[in-house]
Structure formats: structure tokens, C-alpha cells
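Working notes, structure below.
The values are calculated or read from the model by the stated rules, or taken from the named source; none is laboratory data. Quick caveat, the model's predicted, so the values are computed rather than measured. Here the Cβ positions follow ideal geometry from the backbone for every residue, glycine too, while neighbour counts run over all protein chains shown. Keep in mind that these areas ignore ligands, DNA and RNA; they rest on the heavy atoms of the full protein, side chains included. Shrake-Rupley method; radii C 1.70, N 1.55, O 1.52, S 1.80 Å.
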Amino acid sequence: MVFDFFKNLGSQRVDMVVNKTKGKVVGAQARVKGKAANSFNKAVDAPVKAAKGKLKGGKPKVPKAPKAPNAPKAPQGKKPQKQDGGGMGWFSREKGGDGGYDEEVYEQPEATVAIDLASMQMQTFQPCVGWVVVLTGELAGRDFRLVDGKNTMGTAANCDIVLTDPYLSSHHCVIRHENGEFTFVDLDSTNGSYVNERKCSREDLIDNDKIRLGRTEMKFKSLE
């Protein structure tokens, strides 16, 4: 088996050499045929072109004299930059009156605009008039500030005070502050609302009142 392996390997290398040699021979023959065909075509086309030139009254083309090997090269001028898209980045060249490009133009970046965060916060700021502190449930220890006007409480994301008690309605109740007084109003919740352990739909609040919504108990504090 070893002998057959080396025998096959030698045969493959011999075949590769033979194929490579044949390829070189075929390529050389093709180049020779191509040169012969070009020479024949030029010899046939030359008198036809000369006859056409005489019929049109044109002058026969005179072949150019070959350049001297040591002849100096003519100086080449600088190529002008493209008028459109010639500049890159912040620097570009502006075309002058004589057709050249001699003025450099600096393109300034966009100006930075200063934003007064303090004035923006003052426009949206509402003073705190009181707060509620959660005593039980998942949010025990959290306090929520109350502002003048309406303070909606519930599980909906658009409530002013969002609670996570599953026994609450999406918009459960509201605490209103008007003319220095606080009023608690239940918004027809499913499980109801309690102020100081008494179920109610509307109740005036005073400092330290206790509010129970679902299973969440809170303590009300007033700043007035």
C-alpha cells in the first residue's frame, strides 16, 4: 500500500508538470497568432484608409517624429481643484477672480446654545403644601409631596401619586388643596377609601389624619 501511495503521488506530479508545459505552449501559440492577425489587419486597412482620405479631400496623416531620448520634459502646471466638492472638512478653497484658488475659507461649526436649566425648572416648579407618608405595604417609608390644586392617587402611570397596591383602582382618589384647605375625595373606587378608619367619599383633612386605600395606610401632613 505504501508503494502504491508513492506511485500515485509521483504520477500526479508528472501530470502536473506535463499540463503546465502544455499550457505554456498553447499560450505562446495564441500570442503568435494574435500578433500575426494584427499585422495582417493593419496591412489590409492601410490602403483603404488612404483612399477614403483622398476622396474626402483630407490630408494624409503624417506620423509624428519620435522624441529624443534625452529631451527635457515640458513643465506641467498644477491641476486646479474641483469647483464642486473640492474642499474637505472645515477648510476649503474659494475660487478667485483669475480662475485660481487662493483664498482659504474657514467654516465655523454650529454655535452652542446655552440652556438655562434654572429658569426651566422655575417654570415647572410647584411649591409643596403638604405630603403623605406610606406606613404599610410595598412602599412603606416613602413620602409623596402634595402641591396646590389636584393630587390624584392610584395605580395608573398618569397619577400624581402612583401606588402599587393591587387592591387600588387606577384612579382611586384625589386630595385637593384650595384656599389653604385640604379635601379628600374618593373617585368611585372599587374597594372604597377610609379616613381615620371611617369609610367616606368626601372628607376635609387636617394634620396627622390617617388614610387607608386598599391595604395601604398613609399619614397626612400639612405645612399650613
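When the residues of segment 137-162 are filtered to those that are part of a loop (DSSP other than H, G, I, E, B) and in contact (Cβ under 8 Å) with a residue 60 or more places away in the chain, the one that is least open to solvent (accessible area, probe 1.4 Å) is 139. Listed by first and then second residue, the pairs linking a residue in segment 184-208 that is among the basic types (Lys, Arg) to a residue that is at pLDDT 95 or above and open to solvent by less than 80 Å² (accessible area, probe 1.4 Å), with Cβ atoms under 9 Å apart and 6 or more places separating them unless they lie on different chains, are 199/186; 199/192; 199/193; 202/183; 202/184; 202/185; 202/186. For first residues located in segment 163-178 and open to solvent by 20 Å² or more (accessible area, probe 1.4 Å), partners that are among the aromatic types (Phe, Trp, Tyr) and lie 6+ apart or on another chain with Cβ distances below 9 Å form the pairs 176/182; 176/184.
Only one of the listed residues (143, 165, 160) is charged (D, E, K, R) and over 18 Å from residue 127 (Cα atoms). That residue is 165.
Among the conditions (1) exposed (fewer than 10 other Cβ atoms within 10 Å of the Cβ); (2) modelled with pLDDT of 95 or more, the only one that residue 133 does not satisfy is (1). Exactly one of (1) within 22 Å of residue 129 (Cα to Cα); (2) assigned to a loop (DSSP other than H, G, I, E, B) is unmet by residue 183. Its number? Going through the list (1) within 22 Å of residue 129 (Cα to Cα); (2) assigned to a loop (DSSP other than H, G, I, E, B), residue 183 breaks only (2). Residues that are in a strand (DSSP E or B), in contact (Cβ under 8 Å) with a residue 60 or more places away in the chain and not hydrophobic (A, V, I, L, M, F, W, C) occur at least once in segment 127-136. Of the numbered criteria (1) more than 53 Å from the chain's Cα centre (by Cα); (2) closer than 14 Å to residue 152 by Cβ, the one residue 199 fails is (2). Among the residues of segment 88-108, is any among the hydroxyl-bearing types (Ser, Thr, Tyr), open to solvent by less than 60 Å² (accessible area, probe 1.4 Å) and at pLDDT 55 or above? No, because not a single residue in segment 88-108 is among the hydroxyl-bearing types (Ser, Thr, Tyr), open to solvent by less than 60 Å² (accessible area, probe 1.4 Å) and at pLDDT 55 or above.
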